[in-house]
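Worksheet: the structure to be examined is printed underneath.
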Amino acid sequence: MAKNLQTKFSTRQYMLSRDFEIYYYNEPASEKVSIHSHDYYEFYFFLEGDVSIWIEGEQYPLKYGDMVLIPPGIKHMAMVHGNEIPYRRFVFWISVEYCNQLMEVSSSYGYLMQNVLVKKKYIFHNDLITFNTIQYRIFQLIEEIKSERFGKEAKVSLCVNDLVLQLNRIVYEQQNPKSEKEEEQNLYQNIIYYIDDHLDEELSLEQLAGQFFVSKYHIAHIFKEQMGLSVHQYILKKRMQASKAAILGETSITDVYTMFGFKDYSSFYRAFKKEFGVSPKEYKEVHGVVQKG
């Protein structure tokens, strides 16, 4: 968890942004916040610490992976019982107006909020795999907010909507358990998304098994069953497609093969020619955009 994604803690309990704010706190609990409420929704994701949360007169102990949703007007307070270990959590604030806009697109965006308002059940426990998917989306959102990349505002909006929808989906599926086959399909889809987003990083069966907290044999089985390819074959094909697109851009062939995990040009050359029937240089000469003088 990169330190540059952390936020210095503030006792401020109101939004500066109109739509949403998100924070990653990781520090000894020194400054306390008294009982309060908001006029927006607060999502609280617990990572570490000797902490419980007080909500409307009830105290709830917290464990790693717990998600707390506090609706507008609900009095609450985090209760820190010791400072021996860091107090780590994500805090995500989102306005009622923004939630209503999402629900106009699809009622699926509001399942969780309506569930909490009706049932007054504020705490949701998550297993390691589920919470890992939540963390991935949160860090993706924070990284994008802190970036200066082209299309930042559009990407941030997509990340927020994706996070909100994923949280709704998680709670819906907790309350409406899926079959083993559906669980495998969900794991398969998450692996696909992860690979597509990390083509420029080290990817192996062992690394994916550690990322998703399942055995590499289980991943290999469901991948072969769903795709008809091994994980290695799928990664190679995706990297070839990405390499082909990069070659047609302004990226040099040398930069392309190092960018997508090939140790030397000869292995990249062989893989590219096997996939497309021509060498990288030949492909660029035939399909590349001719520069006008």
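Go through GLU104, GLU84 for me and flag whichever is surrounded by fewer than 19 Cβ atoms within 10 Å (Cβ to Cβ) and more than 18 Å from ASP162 (Cβ to Cβ).
Selected residue: GLU84, the only one of GLU104, GLU84 that is surrounded by fewer than 19 Cβ atoms within 10 Å (Cβ to Cβ) and more than 18 Å from ASP162 (Cβ to Cβ).
Can you pull out the residues in the range 194-214 that are surrounded by 14 or more Cβ atoms within 10 Å (Cβ to Cβ) and either over 24 Å from MET259 (Cα atoms) or under 14 Å from the mean Cα position of the chain (by Cα) (or both)?
TYR194, ILE195, HIS198, GLN211, PHE212, VAL214
Does TYR24 meet the test of being surrounded by 17 or more Cβ atoms within 10 Å (Cβ to Cβ), under 24 Å from GLU97 (Cβ atoms) and touching a helix residue (DSSP H, G or I) at 6+ places or on another chain (Cβ under 7 Å)?
no
In this structure, is ILE123 of a type outside the set (Phe, Trp, Tyr), closer than 25 Å to SER157 by Cα, surrounded by 14 or more Cβ atoms within 10 Å (Cβ to Cβ) and at pLDDT 95 or above?
Working: of a type outside the set (Phe, Trp, Tyr): yes; closer than 25 Å to SER157 by Cα: no; surrounded by 14 or more Cβ atoms within 10 Å (Cβ to Cβ): yes; at pLDDT 95 or above: yes.
Spelling it out, it is not the case that ILE123 is of a type outside the set (Phe, Trp, Tyr), closer than 25 Å to SER157 by Cα, surrounded by 14 or more Cβ atoms within 10 Å (Cβ to Cβ) and at pLDDT 95 or above.
What is the number of the single condition among (1) touching a residue at least 24 places away in the same chain (Cβ under 8 Å); (2) in a helix (DSSP H, G or I); (3) within 17 Å of LEU69 (Cβ to Cβ); (4) not charged (D, E, K, R) that LEU187 does not meet?
Going through (1) touching a residue at least 24 places away in the same chain (Cβ under 8 Å); (2) in a helix (DSSP H, G or I); (3) within 17 Å of LEU69 (Cβ to Cβ); (4) not charged (D, E, K, R) one by one, LEU187 breaks only (3).
Report whether or not TYR60 is open to solvent by 20 Å² or more (accessible area, probe 1.4 Å), aromatic (Phe, Trp, Tyr), in a loop (DSSP other than H, G, I, E, B) and touching a residue at least 40 places away in the same chain (Cβ under 8 Å).
Against the criterion (open to solvent by 20 Å² or more (accessible area, probe 1.4 Å), aromatic (Phe, Trp, Tyr), in a loop (DSSP other than H, G, I, E, B) and touching a residue at least 40 places away in the same chain (Cβ under 8 Å)), TYR60 does not qualify.
Which count do you get for residues in the range 12-48 that are under 22 Å from the mean Cα position of the chain (by Cα) and not in a strand (DSSP E or B)?
Residues that pass the stated criteria total 2.
The values are calculated or read from the model by the stated rules, or taken from the named source; none is laboratory data. Please read these numbers as outputs of a predicted model, since none were measured by experiment. Because the Cβ atoms are built from the backbone with ideal geometry, glycine has one as well, and the counts that use them run over all protein chains shown. Accessible surface areas use protein heavy atoms only, side chains included; no ligands, DNA or RNA. Shrake-Rupley method; radii C 1.70, N 1.55, O 1.52, S 1.80 Å.
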